[in-house]
Amino acid sequence: MLVATWNVNSIRARLPAVVKWLALRRPDVVCLQEIKCVDEQFPCEPFEDLGYACAIFGQKTYNGVAILAKAGVEDVVRGLPGDPGDVESRVIAATAGGLRVVNAYVVNGRQVGHEKYHYKLSWLARLARLVQAERAAHEQLAVVGDFNVTFDDRDVARPEAWHEQILCSTPEREALAGVVAAGVADSVRRFTQDKGPYTWWDFKTRGFERGDGLRIDHVLLSPEALERCERVDVDVEVRAASGASDHAPVVASLRDAS
DNA sequence: ATGGTGGATTTTCCA
């Protein structure tokens with residue numbers, strides 16, 4: 001079972017690239033972030049033609065998340081339950097093929113100390129509560145998405161340039177650790193302790209061309225799901241293509257559940 | 001170098 005996460009930076013702008021990648025990669029579960037459209041504008045049909053069911057939590061212009069799954073999507077939850085302050089479309093959960101999937105687009109935070117930075121820390125703490133509840137209810141759990149946070153400096157190609165900057169500050173990393181503490185682990189670090197791989201490169205500073213990458217898109221797995229995980233790949237060639245999103249897809253491969 | 005690029009919707013916001 002292939003479980004993928006990809007911040008597409010507008011599903012309408014990226015539709016040809018997403019369809020092409022899906023047809024080649026054929027992941028079983030695909031979690032998209034920053035779809036940047038309302039539910040009615042989401043192009044379900046090309047995905048249904050490829051065999052995917054769609055669960056969408058859209059928003060006009062900004063944010064928006066969706067889960068596509070070949071096995072269908074059940075028990076869909078949109079937003080942070082019981083959290084009236086969660087007014088943006090940043091998280092959707094669903095069950096697909098026996099796996100509970102939480103798909104999050106974490107607040108970017110703009111810069112350390114900014115009002116949105118504090119909102120980011122708060123939102124991550126509230127996401128951790130959702131993960132705790134999902135973990136209590138599901139052994140097979142994947143929490144994936146664009147977390148807009150690196151775990152440590154191995155996730156930063158140029159750590160000296162990013163030291164205590166947005167995406168890399170200690171409070172952000174502590175908030176991400178709070179999500180992990182709810183009962184999931186970073187799947188990539190099951191396989192490597194080396195620097196990288198990276199999943200995002202800044203458009204503005206031509207980060208990809210400069211080799212200035214960060215790993216901010218994650219696949220976090222419950223112990224029972226992590227035990228099934230055979231590999232995690234970043235499809236960096238997708239980021240290298242012209243007209244790409246600023247994020248590359250991340251794909252985890254899970255053995256069949258016993 | 002406080003720039004740069006890219007997307008959506010508008011002449012600006014967000015990343």
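Some observations on this one:
- Against the empirical curve 2.2 N^0.38 Å, the C-alpha radius of gyration of chain A lands at a ratio of 0.92.
- Estimated distance in nm for a label pair at A:R26 and A:A71, the labels positioned 7 Å out from Cα along Cα-to-Cβ: 1.7
- Selected from A:H247, A:H118, A:H218 as most flexible by GNM, with chain A as the system and alpha-carbon contacts under 10 Å: A:H118
- Sequence-distant residues sharing a close amide H with A:A53 (under 5 Å, placed H): A:A69, A:K70, A:G72
- Spatial offset of the stretch A:5-67 relative to the stretch A:113-186 amounts to 23 Å, using the alpha carbon center of each.
- Amide H contacts of A:R228: none lie under 5 Å away among residues 5 or more positions distant or on a separate chain (H built 1.01 Å from N in the peptide plane; Pro and chain starts excluded).
- Within a Gaussian network of chain A (alpha carbon springs, distance under 10 Å), most fluctuating of A:T205, A:T170, A:T61: A:T205
- Antiparallel bridges, percent of DSSP beta bridges restricted to the stretch A:2-254 (to nearest 5): 80
- Amide hydrogen neighbours beyond the local backbone of A:A185, cut-off 5 Å, H modeled: A:L221, A:S222
- Here the 3J(HN,Hα) profile of the stretch A:28-37, calculated from phi with Karplus coefficients 6.51, -1.76 and 1.60 at θ = phi - 60°, is 7, 10, 10, 9, 10, 10, 6, 6, 6, 7 Hz, Gly and Pro shown as x.
- Per-residue 3J(HN,Hα) values for the stretch A:48-53, derived from phi via the Karplus relation 6.51 cos²θ - 1.76 cosθ + 1.60 with θ = phi - 60°, read 4, 4, 8, x, 9, 8 Hz in sequence order (x marks Gly and Pro).
- Expected 222 nm ellipticity per residue - DSSP helices of 4 or more, -39500 (n - 2.57), all of chain A, to 500: -8000 deg cm²/dmol
- Karplus-derived HN-Hα couplings along the stretch A:241-247 (A = 6.51, B = -1.76, C = 1.60, θ = phi - 60°), whole Hz, x at Gly and Pro: 5, 6, x, 7, 5, 6, 10
- Here the stretch A:2-254 is assigned +1 on the Cβ of each Lys and Arg and -1 on the Cβ of each Asp and Glu. Its dipole about the Cα centre then comes out at about 320 debye.
- Net length available on complete extension from A:T61 to A:R190 is 42.8 nm, with 0.36 nm assigned per residue and the Cα-Cα distance removed.
- Potential lengthening between A:A241 and A:Q111 on full extension [0.36 nm per residue; Cα-Cα distance subtracted]: 44.0 nm
All of the numbers you see were taken from the coordinates with simple rules; none came from a lab. Keep in mind it's a predicted model, so treat the numbers as computed, not measured. Backbone-built Cβ (ideal geometry, glycine too); neighbour counts: all protein chains shown.
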